[in-house]
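The block underneath contains the structure these notes are about, expressed in structure tokens.
The values are calculated or read from the model by the stated rules, or taken from the named source; none is laboratory data. None of the values given here were measured: they were computed from a predicted structure. Here the Cβ positions follow ideal geometry from the backbone for every residue, glycine too, while neighbour counts run over all protein chains shown.
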Amino acid sequence: MNTITMIIYKTKLSSKGQLVIPKEIRDKLHITKHTPLTISMSSDQEIRISTAPALKTMRGFLKPQGKTEKTLTKQEMEDIVAQAIIEGYF
């Protein structure tokens with residue numbers, strides 16, 4: 001059984017609308033000045049911030065594996081993107 005531990009930090013928005021991520025979190029997740037982040041909001045207004053991979057690390061992830069000349073359909077591309085989301089690429 002996996003146990004998830006959550007630590008809650010309080011922070012606030014600056015006058016410019018910027019959010020400060022506490023240093024302990026930045027250090028643990030290796031977040032630096034140019035680290036891409038993803039911010040999502042659920043229907044119950046819960047906000048989640050997660051690290052997002054740099055676009056250059058995702059280069060070619062839609063490319064079919066192996067030797068093929070097949071063009072992907074829209075549904076195949078959507079399936080690949082959905083799987084990438086599950087695997088944490090987004």
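A few notes on this one:
- Qualifying residue in the stretch 10-24 (condition: closer than 24 Å to ILE85 by Cα and loosely packed, with under 10 Cβ neighbours inside 10 Å): no
- Residue list for the stretch 54-90, restricted to those being modelled with pLDDT of 65 or more and closer than 30 Å to ILE8 by Cα: ALA82, GLN83, ALA84, ILE85, ILE86, GLU87, GLY88, TYR89
- Condition broken by ILE39, with the remaining ones in (1) modelled with pLDDT of 85 or more; (2) not in a strand (DSSP E or B) satisfied: (2)
- Pairing residues of the stretch 13-37 that are not assigned by TED's automatic domain parsing to the domain that holds GLY88 with residues that are of a type in the set (Lys, Arg) and surrounded by 10 or more Cβ atoms within 10 Å (Cβ to Cβ), at Cβ distances under 9 Å and at least 6 apart in sequence or on separate chains, gives THR32/ARG26; THR35/ARG26.
- The set of residues in the stretch 28-53 being over 18 Å from ILE85 (Cα atoms), surrounded by 10 or more Cβ atoms within 10 Å (Cβ to Cβ) and not polar (S, T, N, Q) consists of LYS28, LEU29, ILE31.
- The set of residues in the stretch 15-42 that are under 16 Å from the mean Cα position of the chain (by Cα) and among the polar types (S, T, N, Q) comprises THR32, THR35, THR38, SER40, SER42.
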